[in-house]
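K.L.:
Starting off with a structure, shown below.
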Amino acid sequence: MRVVRAVVEAVEQAGVSRAQLLRAARLDPRALDSEDGCVPSSEVCRLCELAVDITQDPALGLHWGERLAANTFNPVSHLVAHSTTLRQGLESLSKYHRLLSSQPNFQLVERGDKVTVRCLGMQDASPRMRRLQSEMFATGVFRMIRTVSPQARPDRVCFDYAVPTYHDEYARVFELTERFDQPFTGVIFDRSLMDVVSLHSDEDVHNALRMIADRRIVRLTQSVPFSMRVRDHLVKQGPTHRTSMKLVAHSLGLSTRSLRRRLVSEGKSYNAVVNEALATVAQQCLRDKQLTIQETAYEMGFADTSTFYRAFKRWTGMTPSAFRQK
């Protein structure tokens, strides 16, 4: 449904009213209010092709990709925007694609000093729909590269179809790096760009968004595991607050015995979840460069730094200083 709303937004940006598109598509406007609703891909394809017709813009895929708002596909959009590097952004896109589509839409290949991001098009889509999807995909990757490195250009932006009539728009958008009649659709660029640190990244925001995305992924497939609920509750309590299992169970509307049984069924113990929560809180503190490691230890309720060092290494497999350096 997020994709459907994005199509509606693209049509409105092209000067066509939402009501006109929805009427032509025979879509109930109330359906757009669904937060996590799913729509068959065939219906999305039909809507996209209708959008091209109703806007009379054959290059809608390129223009849509250019004008795409930063929050259109949240939380995935913001996860990518707040990624530290292009690599982290692509990893986030791969991990959380389920929030946008049941099928992954790209494949990453690193070979030598080059990276290829290949578009995995919808096999049963019409040629026009495949072209629109390819334009959106290539424009999105191009924008991601520019986000981390404003002066960078890919080596080639490849398309597996013939030159369209509006070739000049490709040349403008991709700055003469476009190539047609290629074996695949995708973007090829220097591998060094994968690990350039973005000036606009925010690791704390990225971590918070990742937790939100994790919960939504779980919600798509099953109810949220109790171990995740307990961990989130403990993280919210802060570094020095130690909450008993009885109080946590009460906050979840369970008895202590019921909570223990549910955790065991998930392969977890309460102590293990507590350690996960403590590790998360400690990592949040260590990301605050204004706190020394000694101050972090005290913030976490440890009497001395050496005890905190041992506990943190037991939780995460690395020392606090190694984590901060990483």
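K.L.:
Please count how many residues of the range 128-172 are of a type in the set (A, V, I, L, M, F, W, C), assigned to a helix (DSSP H, G or I) and out of contact with any helix residue (DSSP H, G or I) (no Cβ under 7 Å at 6 or more places or on another chain).
P.N.:
So the answer is 5.
K.L.:
Please go through the range 7-37 and pick out each residue that is surrounded by fewer than 18 Cβ atoms within 10 Å (Cβ to Cβ), in contact (Cβ under 8 Å) with a residue 40 or more places away in the chain and under 26 Å from the mean Cα position of the chain (by Cα).
P.N.:
Glu9, Gln13, Asp36
K.L.:
Further question: When the residues of the range 302-326 are narrowed to those that are hydroxyl-bearing (Ser, Thr, Tyr) and free of Cβ contacts under 8 Å to residues at least 24 places away in the same chain, which ends up surrounded by the fewest Cβ atoms within 10 Å (Cβ to Cβ)?
P.N.:
Looking at residues that are hydroxyl-bearing (Ser, Thr, Tyr) and free of Cβ contacts under 8 Å to residues at least 24 places away in the same chain, I get Ser306.
K.L.:
Among (1) under 13 Å from the mean Cα position of the chain (by Cα); (2) crowded, with 16+ Cβ neighbours inside 10 Å; (3) within 24 Å of Leu27 (Cα to Cα), where does Asn71 come up short?
P.N.:
In the conditions (1) under 13 Å from the mean Cα position of the chain (by Cα); (2) crowded, with 16+ Cβ neighbours inside 10 Å; (3) within 24 Å of Leu27 (Cα to Cα), Asn71 misses (2) alone.
K.L.:
Also: Only residues that are closer than 16 Å to Leu234 by Cβ and either at pLDDT 90 or above or buried (at least 16 other Cβ atoms within 10 Å of the Cβ) (or both): list them for the range 276-301, please.
P.N.:
Residues satisfying the conditions are Glu276, Ala277, Leu278, Ala279, Thr280, Val281, Ala282, Gln283, Gln284, Cys285, Glu299, Met300.
K.L.:
Here is a follow-up. Quick one: in the range 290-326, of everything that is assigned to a helix (DSSP H, G or I) and among the polar types (S, T, N, Q), which residue is nearest to Val197 (Cα to Cα)?
P.N.:
The extreme case among them is Gln325.
K.L.:
With the requirement that a residue be of a type outside the set (S, T, N, Q), closer than 16 Å to Leu176 by Cα and out of contact with any Cys (no Cβ under 9 Å at 6 or more places or on another chain), what does the range 119-144 give you?
P.N.:
Passing the criteria: Glu135, Phe142, Arg143.
K.L.:
Mind counting the residues in the range 158-185 that are at pLDDT 95 or above, under 15 Å from Gly121 (Cα atoms) and of a type outside the set (Phe, Trp, Tyr)?
P.N.:
1
K.L.:
Can you pull out every residue in the range 45-86 that is of a type in the set (A, V, I, L, M), closer than 15 Å to Val4 by Cα and at pLDDT below 90?
P.N.:
Those that are of a type in the set (A, V, I, L, M), closer than 15 Å to Val4 by Cα and at pLDDT below 90: Leu68, Ala69.
K.L.:
Looking at the range 80-100, which of its residues are more than 11 Å from Leu209 (Cβ to Cβ), surrounded by 22 or more Cβ atoms within 10 Å (Cβ to Cβ) and touching a residue at least 24 places away in the same chain (Cβ under 8 Å)?
P.N.:
Of everything in the range 80-100, those that are more than 11 Å from Leu209 (Cβ to Cβ), surrounded by 22 or more Cβ atoms within 10 Å (Cβ to Cβ) and touching a residue at least 24 places away in the same chain (Cβ under 8 Å) turn out to be Leu86, Gly89.
K.L.:
Take the residues in the range 190-209 that are within 12 Å of Ser149 (Cα to Cα) and in contact with an Asp or Glu (Cβ under 8 Å, 6 or more places away or on another chain); name whichever of them is surrounded by the fewest Cβ atoms within 10 Å (Cβ to Cβ).
P.N.:
Ser192
K.L.:
Among the residues in the range 245-262, are any surrounded by 17 or more Cβ atoms within 10 Å (Cβ to Cβ), modelled with pLDDT of 85 or more, under 29 Å from the mean Cα position of the chain (by Cα) and not β-branched (Val, Ile, Thr)?
P.N.:
No; the residues of the range 245-262 include none that is surrounded by 17 or more Cβ atoms within 10 Å (Cβ to Cβ), modelled with pLDDT of 85 or more, under 29 Å from the mean Cα position of the chain (by Cα) and not β-branched (Val, Ile, Thr).
The values are calculated or read from the model by the stated rules, or taken from the named source; none is laboratory data. Owing to the predicted nature of the structure, the values given are computational and were not obtained by experimental measurement. Positions of Cβ are generated from backbone atoms using ideal geometry, with glycine treated the same way; all protein chains shown enter the neighbour counts.
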